[in-house]
Amino acid sequence: MSMSVKDTHSDFNNLVSRFLSGELSPEEELQLREIVRREPEKSGLLDEYRKIWDSVGSVADRESYDLDAEWEIMREKLPETGTGLQTPARTVLFYTYRIAAALVVGLIFAFAWIYATRLAGTEQLVAENEPMDVVLGDGTRVTVNRNSKIRYRKNFSESERKIYLAGEAWFEVARDTSRPFVIDAGTTLVEVLGTRFNVNAYKENLTVEITVESGVVALTAKQDDQEQIVLQAGNSGTFDKESKQLNLIQHSNPNNISWKTRELYFDHSSLQEVVEVINTVYSTNLVIMNRELAACPITVTFRDQSLEAVLNVLEMTLDLDITHTGGQISLDGAGCVE
């Protein structure tokens, strides 16, 4: 017997709520995609639900919501007749807007309730200006980089240990052969049993990059779970968000994890590259003023040194003039000596 329209819509709403709360299984994700494929209009509805979901935080933080007050603000924007009275058409418009406002507010708070119940057993760690460390219930150690966050269940399921990452984090995963450790990094999935590795998945970056120090890591493109690369110790792997391509890099750049190790390695690297790494590791704003300096090569290693010590080495090595203006550090000079 075929499924009724009502049943399909109910399934769709249930799948959307699990999708937005991050609890959708791979099988359910395929089911949701199939519904959207069969009924294209639901794609627009899904987008609308996502926008409402994103606004839940700001609404849920408010102690009360006065619908009448909100309506008065909306009504002031509506056109009036010359006598100041509403025409019958505008009276209909009045109630249409009022009903629409009530429905939107009701939908927002419905999703807020779903959000609260779904995430009742969930922990979230947000690192803003400094990296933060956390030990998960299975013994896995995670260092979350600046401007990054992770979300995970307090008690992992019996089949897997899943965590959601926005930004960058370093993982030292406790080995558990019966439960793989899975990181949902937005466009990619990273799966391991026990290893040490870094995931750089900032939303604004064009690529997601994995750097493996030990163990084995599987990197999968989320839109095509058949496309996967396996990374060994010393490898890096990237996923290009535009081309949707996975790429295996045999020898990873040690500076990929400098933010965690505080060790920076440069071998005939251009000053431009050096500045970019320093800005990332020290969360500073170095700016090269003379573009002729950008290509100047430098070979140097920094191990857990202060920003001041790093700048002193650059100043003496390339004969730079370094000035501090507000939040900017300017590097100037004559250029490379041939």
Cβ-based charge dipole, region 181-249, positive-most Cα from Ser214, Gln228, Ile249: Ser214
With every protein chain in place, region 278-338: carbon and sulfur % of accessible area (1.4 Å): 48 percent
According to a simple spin-label model (label point 7 Å from Cα along Cα-to-Cβ), what is the distance in nm between Glu292 and Glu227? 4.5 nm
Residues with beta-carbon under 13 Å from that of Gln232, excluding Gln232: net charge, scoring Lys, Arg +1 and Asp, Glu -1? 0
So, over other residues within a Cβ distance under 13 Å of Glu315, counting Lys, Arg +1 and Asp, Glu -1, the net charge is -4
Send over a whole-number figure in Å² for the accessible area per residue of region 145-268, probe 1.4 Å. 48 Å²
Using packing as a proxy for protection, rank 199-208, 161-170, 221-230, 261-270 so that the peptide with the highest average count of other Cβ atoms within 10 Å comes first. 161-170, 199-208, 261-270, 221-230
Among beta bridges assigned by DSSP with both residues in region 210-338, the antiparallel ones amount in percent, to the nearest 5, to 90 percent
Which listed residue (Thr284, Ala334, Val199) has the Cα farthest towards the positive end of the charge dipole for region 180-338, taking +1 on Lys and Arg C-beta and -1 on Asp and Glu C-beta about the Cα centre? Val199
Need one number: % antiparallel among DSSP beta bridges in region 149-262, to the nearest 5. 90 percent
Assuming R0 = 22 Å, what is the FRET efficiency of Ala334 and Gln305, from their Cβ-Cβ distance, to the nearest 0.05? 0.30
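The values are calculated or read from the model by the stated rules, or taken from the named source; none is laboratory data. All values reported here derive from a predicted model rather than from experimental measurement. When we count neighbours, we look across all protein chains shown, and the Cβ atoms used for this are built from the backbone with ideal geometry, even at glycine. To get the accessible areas, we keep the full protein, side chains included, count just its heavy atoms, and leave off ligands, DNA and RNA. Shrake-Rupley method; radii C 1.70, N 1.55, O 1.52, S 1.80 Å.
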